[in-house]
């Protein structure tokens, strides 16, 4: 039966009473029959070819890769710390009086001995003159008493005076000698008060904000005039875990000078380089940490008192360590593993023994060779034997380019932040660079 005949039949049926529904049914049946025939014909013709093509077509997973490489890795101990000046003082007057002059500017750098302020010295100058006058009077009396003593010593030989009178004169001379010494002490005290009226810087440092204005009455040791803080050099006090103390002590005994770096709060910018000065004499039992003190030249003025910093103490340097990007290390049910890309573009999951981790770099102790290519991104979609397509913009990227320079990255032990399993640990972190 041809299509034209069916169409004409459907048209005739549609003209008859009640034939419209039958025409629609017949048209639907015809369409279904034609569709089934076409499917059967296409399936027989393309079935074998499709099977062959299906065997040849393989799904490839896009991944980013990097090459394992050997390098020297610096291992750091990192601790939270704060910048602490070696010297800081609140300058107060040691004498009472009116503040006559302020000779410093707020924020000024001063040197030891610089004149900062002047308290009215006139009352102490008057006391000095008075004491000097008393000294002259008492010295004259002492000289006269000594002359009388010489006369009495001659008269006692002739029996002209009693021995008691001679003894009294000797005591009088001693009395005047004591009075003269007291007068000299009063003079020295008056001079000292005049010296105290001139307030000078006890050490070199930076002046803070002025706390008293000229013209105010100052009471001794009761009112702060200014605060001076030593800025160069400056120290950083930070903490490390007590378990790391033996290594630090050994390094101090062997090397003597341990480098310390100060980084900002986010550990993105290095602020200054210094060296370890000393450590506390006891461990804090509540935190299990010990305090260390490092000193920095602070030539760039990047360290400021009470500033929060991250201090990094160089603990060790691993020479010729095999490294891969930290993102290449996956956590398996038994151990850490990496996906190694073979020459035929298939991957192999390989267990590895990892060491210290860096932000972006992990040391591989066993299970991998230098130059092998590992998957950095896309490993979560892979399994053994999977075919991959490398999508690196500039080809294979080695471990050194997959992350920033290890000298500027924080390192933690396996299981700490930045490690393969992402677990966190309390207290100070260990870093590598």
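Computed from the coordinates by the stated procedures, all read-outs in this text should not be read as laboratory data. These figures come from a predicted structure and were not determined experimentally. Note: ideal-geometry Cβ built from the backbone for every residue, glycine included; neighbour counts use all protein chains shown.
Under the simplified labelling scheme, the residue 25-residue 162 pair shows an inter-label distance of 17.0 nm, with each label point 7 Å from Cα along Cα→Cβ.
Equivalent ellipsoid of the range 244-386: semi-axes from √(5λ) of the C-alpha gyration tensor, largest first, are 40, 18, 15 Å. Each label point was placed 7 Å from the Cα along the Cα-to-Cβ direction; for residue 387 and residue 34 their separation is 4.0 nm. Put the Cα centre of the range 233-273 next to the Cα centre of the range 306-324 and the gap is 9 Å. Using Cα-only point scatterers and the Debye equation, what is log10 of I(q)/I(0) for the range 121-196 at each q in 0.13, 0.17, 0.19 Å⁻¹, rounded to two decimals? Relative scattering, expressed as log10 I(q)/I(0), comes to -0.50, -0.66, -0.74. Maximal additional length on extending the residue 346-residue 331 stretch stands at 3.4 nm, based on 0.36 nm per residue less the C-alpha distance.
Here the translational diffusion coefficient of the range 80-169 follows from Stokes-Einstein with Rh set to the Kirkwood radius across Cα pairs; for 25 °C and 0.890 mPa s it amounts to 126 µm²/s.
Given their separation in residues at 0.36 nm each and the Cα-Cα distance between them, residue 285 and residue 82 gain 71.1 nm when the chain is fully extended. Determine which residues of the range 279-308 fall in the zone a paramagnetic label at residue 245 would reach in this model, i.e. backbone nitrogen under 13 Å from the point 7 Å along Cα→Cβ. So the set is 279-292. Entry note: the range 258-342 has Rg to Rh equal to 1.12, where both radii use alpha-carbon atoms and Rh is the Kirkwood radius. You can think of it this way: the chain between residue 140 and residue 252 has 33.6 nm of extra reach, that is 0.36 nm per residue less the Cα-Cα gap.
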